[in-house]
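Here the structure comes first, spelled out in structure tokens, and everything after it is commentary.
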Amino acid sequence: MPRGRPRGSTAATTTRTAPARRPRAAQTAEFTQSLVLNQWLFGLFGLHSTDGYYPLEGGRRVRLLEAFKQRFQLNEHSEEGLDENNVHRFHHAMVNQITGELPGVTRDELLAFDQNIVRHTLVLNAERSLRRERPVVWKYYQYLALLFVEIYLDRYFRDPQALAQALNAHIGKFNAGKEAGQQLPPLDEGRDAALGLNKLALWCATGSGKTLLMHLNLRQYQHHLAQAGRGRELNRIVLLTPNEGLSHQHLQEFAAAGIEAELFDKSARGLFAGKAVEIIDIHKLADDMGDKTVAVDAFETGNLVLVDEGHRGASGGEAGKWLSRRDQLCEKGFSFEYSATFKQAVKDSVPLSRRYARSIVFDYSYRYFYGDGYGKDYQILNLDDATEQQGLDVYLTACLLAAYQQRRLFDDRQALLRDFNLERPLWIFVGGSVNAVRKQGGRDVSDVTEVLLFLSRFTSARARAERTITTLLGEGLPTASGQNPFANRFGYLQSLGQSATELFADICTRLFNAPGGGALHVEYLKGADGELALKLGNNDPFGVINVGDAKKLYDLCNATPGLIAEERDFAGSLFRRINDRDNAISLLIGSRKFTEGWNSWRVSTLGLMKIGQSEGAQIIQLFGRGVRLKGYGWSLKRSKALRLPAGVERPRHIELLETLNVFGVHADYMAQFKQFLEDEGLPSDQDSEEIVLPVLRNLGTHKLKIIRLKPEIHGVRTAFGVAFRQLAPVPQLAPPQGEADHWLLRNRVQLNWYPKIQAMKAVGLAGGDGVAELERNKLQARHVALLDLDRAWFELIRFKNERGWHNFDIPRPSVDRLLADTDWYDLLIPESMLAMDSFAKVAIWQEIAETLLRKYAERYYSFRKKGWEEPHLEYAELDAGDPNFPEAGAGVGEEQGVYRVSVEKSEEALITQLRQLGDELRRRAGVADKAYSGGQAKLEVMSFKGHLYEPLIKASGANITVRPVSLNDGEMRFVRRLKDYCAAHPEEFEDRPLFLLRNMSRGRGIGFFEAGNFHPDFIVWRIDGSKQRISFVDPKGIRQLDTIDDPKIQFHRTIQEIEARMADPDVSLRSYIVSGTSAAEMEMHWKVSRQKMAERNILFDEDEGYVARLIRESAPEA
């Protein structure tokens, strides 16, 4: 189940239910546990499973993705993007957690795969930047999907027989003990093994970025095909879509990515055929040539086939033939399939279950997407039959009010909401068929006409509408079961204090574009393709109906008493402009078909009309489109799931705009919709529970000092570098010059190319053996003469823009000057790699030069910024308002700060325990160290009087999230050891007390540009009378650091330089790294002794005695 539940849904009783459930729950549940390819890939990382679950400490079983996130500390909170070496930060986060060797993939291979992903991403972004498109920055789940594809393609092209054997070994384990009907057939291990391994599927939630994954998968396949010397085997690249609308959408996406593509034209093989992606909707594929179809044979074999909405063609009848045609297209080639709804596709088909169990390489279905905090919340506004019989108008008015509330909040708070990338809310009604008609009272009626008649009654019968509004904002709409599905739903409207009369008038103005009201008109737009406009009187249209047969619906409206239907000639399309900024359309009605070729961030309220039993996958897709969210900083996340930077507040009531309201015209539609959600593993009638745990501050009376930059310089705030960008001279990139730049020469850029050489060896791209000593060399003039310096300059500009350094001048000649001067860097690389014996090495030298330039540009900019800000540094007394303290809550006992713990409601026992814990903390009672466990959630609590607030907590499991983010394993271990030492040696702290504070991550805590924007995890104070020593301690893996001269390691020296500049005789500064990577491994990696590392204040977590040294050295000197 997802980590969180949807907000505020209500379990109203439904007396007339949807058609009886087919006995498929066991099969679909089994399908999610039978993804053997995905299981095998996780097994390469040591997470072995034959049912999709992995046991954590204490025997608790979690899904494999959750186990991977916990084991490798790679998750939705991990830092995104590339470091200055063009290595993904995700790679560092993952490798830092590896101790020893993984069973199926080496560190060197992981780096090689990362570099492939980086290389393809940079090409993609270079093309996107030329077209002024946003650069791609991968989310953690996208990175894992790309990494798994890399691993698979590497093995597929290197030795398909060995790959088949490895997968069959896992399939054998999966089949063990199962009945024959539950087993999966093995793969062919013979000479034709590749033919059974040439299909991969990616299970991606709608809104999770599968189109971007497709673009990179295309480049990944081309790269591995060429690397295997088989590039000429690729015949065509074909993208299959479910309809023409989606084909056009993909054409636009390919254009934005700079990928040559064209809509398939059977009359002529296109200009770029074989190179360009040929886009064709699957309905145009047939066994034989026809007027509007093309025979599959015409494409021949050896194609790369991309399939969007891969669930299509996965059923019987004509649709089943599509699947065989797809297979024929990729014969002797390869295919990637993408869908959000594979579970729906396989629900009634054992052959399909087996097919996708062996081909789904990565599962990030909606349960994970939602559980990680991505996309909107959702609430099901239930309607039971008894309430429906009392009056549909009251229910639909409540839904209209929900849509209006979103629009009103958006309009009123636009300035505050701007940074959260929210779009103007849109209310939509959708169904399987807009023109579906039924008999009622001897006349033809439809869901659409019911909605239109409601709108007509609401806008024309003002007094009745105002009474209904008053009721809804007061006692609400109690159902037959006594529940009120709209309780607490209209908090923002109620806070406005306006009367129903004022609200009705504003609804007419905002939603209906009709300040004075008016009669509802339905206009058939002859010049538009399948559209009808909705408007009040002679005002501008407020709504549009998008339907295949607009004339048929117009005739139905014309024959419906109470509706005014008209025709209008030569009208432009309203639907196509619906995403335009400040578009005035508030309501969209359409069939579910248009959603497959339509992208919009506006959907906020979703009304369900007639839904067929066979349309579950499409409804889930539509639901997925409704919950899409750009989020703050394009995070794709709900604001409550984000760590917002210091100074950025979450606007009040924003949750209303980050929630999709779902309701139905009839109760049975809601019952069916809830069934579809349950089939996808999504909760439909429960909420997550938020438990507030107060913290107790231990700040005391000691005047603890912190280093900080003054909040303002000449009236300009310093947060986020604003003052530096506005007030400082613009730095211009140049080599170090004179005594003023001596720091840059003493702290030269360090680049160790040996790990990349090892990575190349790991995938067979380089030969040779390891070396005992690391050689130091330079790029000479003869190397630079062969480089593309214009490309290097453009790469610097890209890097600068990515970092947001808009006040940094990088002139083109600076590249030549820097590469002609070798004093500013140290390059660790074998001399043989710089030998002028192969033109192929030029690409390596180019990459080295660009990496050096990026690292120097970052060092240079930080140095200039530090130099300008240095006179404005100060020691300040730590107070309760410091951003390192959790924010205060609103309740009694919550004044000193709170944790907000969100737990899935199924974790009843854990919720009860945490409520009791919250009550104890409110009573200011001391709490014991304890682990609170549930089914898929665990919360460890530790109290330590030495920390400036308590308790400290660590959360794990799929069903729990904590804000602010909880400690990780290494941080928790450090605090526990420090606590144990203090308890065992109380006499050491009687006269020289110790205080500890967790230092928050970037944007809130204390960071140091001198060490590459280093934010140590903890601050330790020791007090001795008027003197105090401040130590910055960072428990972390350090294997990703190239050399012992890395700025984060050298910070032990830099911090003392800062101490000298601050010149306060009562304050001394120290810095320590507590390495989670073993000393033996770092001795091999850096080729230095343990003594050398100790001299640089590197402590090792494996050495339990390191705390004694830290305590001893943390005391101020007499």
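The values are calculated or read from the model by the stated rules, or taken from the named source; none is laboratory data. Just so you know, these numbers come straight off a predicted model, no measurement behind them. Glycine gets a Cβ as well: all are built from the backbone with ideal geometry, and neighbour counts include every protein chain shown.
Kindly indicate whether any position in the range 963-972 is under 24 Å from GLY1037 (Cα atoms), assigned by TED's automatic domain parsing to the domain that holds ILE1073 and at pLDDT 90 or above.
Yes.
Any residue in the range 631-642 that is on the phi < 0 side of the Ramachandran plot sitting within a Cβ distance under 8 Å of a residue that is aromatic (Phe, Trp, Tyr)? List the pairs, counting only those 6 or more apart or interchain.
Once the first residue is on the phi < 0 side of the Ramachandran plot and sits in the range 631-642, its partners that are aromatic (Phe, Trp, Tyr) give TYR632/PHE420; LYS637/TYR374; ARG638/TYR374; SER639/PHE420; SER639/TYR632; ALA641/TYR374; LEU642/TYR632.
Looking at (1) among the basic types (Lys, Arg); (2) modelled with pLDDT of 90 or more; (3) farther than 16 Å from PHE1008 by Cα, which is the one condition that is false for ARG1070?
In the conditions (1) among the basic types (Lys, Arg); (2) modelled with pLDDT of 90 or more; (3) farther than 16 Å from PHE1008 by Cα, ARG1070 misses (3) alone.
Would you be able to say whether some residue in the range 831-848 is over 32 Å from the mean Cα position of the chain (by Cα) and within 30 Å of PHE1008 (Cα to Cα)?
No: zero hits.
Could you check the range 883-921 and list, in sequence order, the residues that are at pLDDT 85 or above and in a loop (DSSP other than H, G, I, E, B)?
ASN884, PHE885, PRO886, GLY897, GLU907
Quick one: which residue in LEU827, LEU786, LEU779, LEU819 is touching a Ser or Thr at 6+ places or on another chain (Cβ under 9 Å) and either surrounded by 19 or more Cβ atoms within 10 Å (Cβ to Cβ) or at pLDDT 90 or above (or both)?
Details: LEU827 fails: touching a Ser or Thr at 6+ places or on another chain (Cβ under 9 Å); LEU786 fails: touching a Ser or Thr at 6+ places or on another chain (Cβ under 9 Å); LEU819 fails: touching a Ser or Thr at 6+ places or on another chain (Cβ under 9 Å).
From the options LEU827, LEU786, LEU779, LEU819, the qualifying one is LEU779.
Here is a yes/no grid of residues against (1) over 26 Å from the mean Cα position of the chain (by Cα); (2) buried (at least 20 other Cβ atoms within 10 Å of the Cβ):
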| position | (1), (2) |
| --- | --- |
| ASP879 | yes, no |
| PRO883 | no, no |
| GLU907 | no, yes |
| GLN913 | yes, no |
| GLU920 | yes, no |
| ARG923 | yes, no |
| VAL927 | yes, no |
| LYS930 | yes, no |
| GLU950 | yes, no |
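Out of (1) under 17 Å from LEU153 (Cα atoms); (2) in a strand (DSSP E or B), what's the single condition that is false for GLU262?
Evaluating GLU262 over (1) under 17 Å from LEU153 (Cα atoms); (2) in a strand (DSSP E or B) leaves (1) as the failure.
Is at least one residue of the range 1019-1030 small (Gly, Ala, Ser), under 30 Å from LEU74 (Cα atoms) and either outside the structural domain of GLU101 (by TED's automatic domain parsing) or surrounded by fewer than 16 Cβ atoms within 10 Å (Cβ to Cβ) (or both)? Before you say what the answer is, go through the steps one by one.
Here is the first cut: in the range 1019-1030, the ones small (Gly, Ala, Ser) are 1025-1026.
Remaining after also requiring under 30 Å from LEU74 (Cα atoms): none.
Looking for residues that are small (Gly, Ala, Ser), under 30 Å from LEU74 (Cα atoms) and either outside the structural domain of GLU101 (by TED's automatic domain parsing) or surrounded by fewer than 16 Cβ atoms within 10 Å (Cβ to Cβ) (or both), one finds none in the range 1019-1030, hence no.
So, in the range 53-77, of the ones that are in a loop (DSSP other than H, G, I, E, B) and of a type in the set (A, V, I, L, M), which residue ends up surrounded by the fewest Cβ atoms within 10 Å (Cβ to Cβ)?
Here is the first cut: in the range 53-77, the ones in a loop (DSSP other than H, G, I, E, B) are 56, 60, 73-77.
Adding the requirement that they be of a type in the set (A, V, I, L, M) leaves 56, 74.
Working: LEU56: 17, LEU74: 23.
My answer is LEU56.
Sort out which residues of the range 804-820 are outside any helix (DSSP H, G or I) and in contact with a strand residue (DSSP E or B) (Cβ under 9 Å, 6 or more places away or on another chain), and write them in order of number.
Of everything in the range 804-820, those that are outside any helix (DSSP H, G or I) and in contact with a strand residue (DSSP E or B) (Cβ under 9 Å, 6 or more places away or on another chain) turn out to be PHE808, ASP809, ILE810, PRO811.
For the range 80-95, what are the residues that are free of Cβ contacts under 8 Å to residues at least 40 places away in the same chain, touching a helix residue (DSSP H, G or I) at 6+ places or on another chain (Cβ under 9 Å) and farther than 16 Å from ARG798 by Cβ?
The answer is ALA93, MET94.
Go through (1) modelled with pLDDT under 80; (2) among the polar types (S, T, N, Q); (3) assigned to a strand (DSSP E or B) one by one and return the number of the condition THR595 breaks.
With (1) modelled with pLDDT under 80; (2) among the polar types (S, T, N, Q); (3) assigned to a strand (DSSP E or B) applied to THR595, the lone miss is (3).
Consider the range 330-366. How many of its residues are at pLDDT below 85 and surrounded by fewer than 22 Cβ atoms within 10 Å (Cβ to Cβ)?
The number of residues fulfilling the criteria is 3.
Go through the residues of the range 1069-1092 one by one and say whether even a single one is assigned to a strand (DSSP E or B), out of contact with any Phe, Trp or Tyr (no Cβ under 8 Å at 6 or more places or on another chain) and surrounded by fewer than 21 Cβ atoms within 10 Å (Cβ to Cβ). Write out each step before concluding.
Quick first cut of the range 1069-1092, residues assigned to a strand (DSSP E or B) only: 1069-1075.
Still in the running and out of contact with any Phe, Trp or Tyr (no Cβ under 8 Å at 6 or more places or on another chain): 1073.
From the residues that got through so far, the ones that are surrounded by fewer than 21 Cβ atoms within 10 Å (Cβ to Cβ) too are none.
Within the range 1069-1092, not a single residue is assigned to a strand (DSSP E or B), out of contact with any Phe, Trp or Tyr (no Cβ under 8 Å at 6 or more places or on another chain) and surrounded by fewer than 21 Cβ atoms within 10 Å (Cβ to Cβ).
Look at SER933 and say whether it is small (Gly, Ala, Ser), modelled with pLDDT under 85 and under 24 Å from LEU56 (Cβ atoms). Can you show your working first?
Numbers: small (Gly, Ala, Ser): yes; modelled with pLDDT under 85: no; under 24 Å from LEU56 (Cβ atoms): yes.
Against the criterion (small (Gly, Ala, Ser), modelled with pLDDT under 85 and under 24 Å from LEU56 (Cβ atoms)), SER933 does not qualify.
Out of everything in the range 165-222 that is of a type in the set (A, V, I, L, M), out of contact with any Leu (no Cβ under 8 Å at 6 or more places or on another chain) and part of a loop (DSSP other than H, G, I, E, B), what residue ends up being surrounded by the fewest Cβ atoms within 10 Å (Cβ to Cβ)?
Among residues in the range 165-222 that are of a type in the set (A, V, I, L, M), out of contact with any Leu (no Cβ under 8 Å at 6 or more places or on another chain) and part of a loop (DSSP other than H, G, I, E, B), the one surrounded by the fewest Cβ atoms within 10 Å (Cβ to Cβ) is ALA176.
Taking SER267, is it surrounded by fewer than 19 Cβ atoms within 10 Å (Cβ to Cβ) and of a type in the set (Gly, Ala, Ser)? Step through it out loud before you land on a result.
On the way: surrounded by fewer than 19 Cβ atoms within 10 Å (Cβ to Cβ): yes; of a type in the set (Gly, Ala, Ser): yes.
When the stated conditions are applied, SER267 passes them.
Tell me yes or no: at least one residue of the range 985-1002 is modelled with pLDDT under 85 and in a strand (DSSP E or B).
Of the range 985-1002, the ones modelled with pLDDT under 85 are 1000-1002.
Right, trim to in a strand (DSSP E or B) and you get none.
The answer is no, given that none of the residues of the range 985-1002 is modelled with pLDDT under 85 and in a strand (DSSP E or B).
Report, by residue number, each residue of the range 128-150 that is under 23 Å from the mean Cα position of the chain (by Cα), part of a helix (DSSP H, G or I) and surrounded by fewer than 20 Cβ atoms within 10 Å (Cβ to Cβ).
Across the range 128-150, the qualifying residues are ARG128, SER129.
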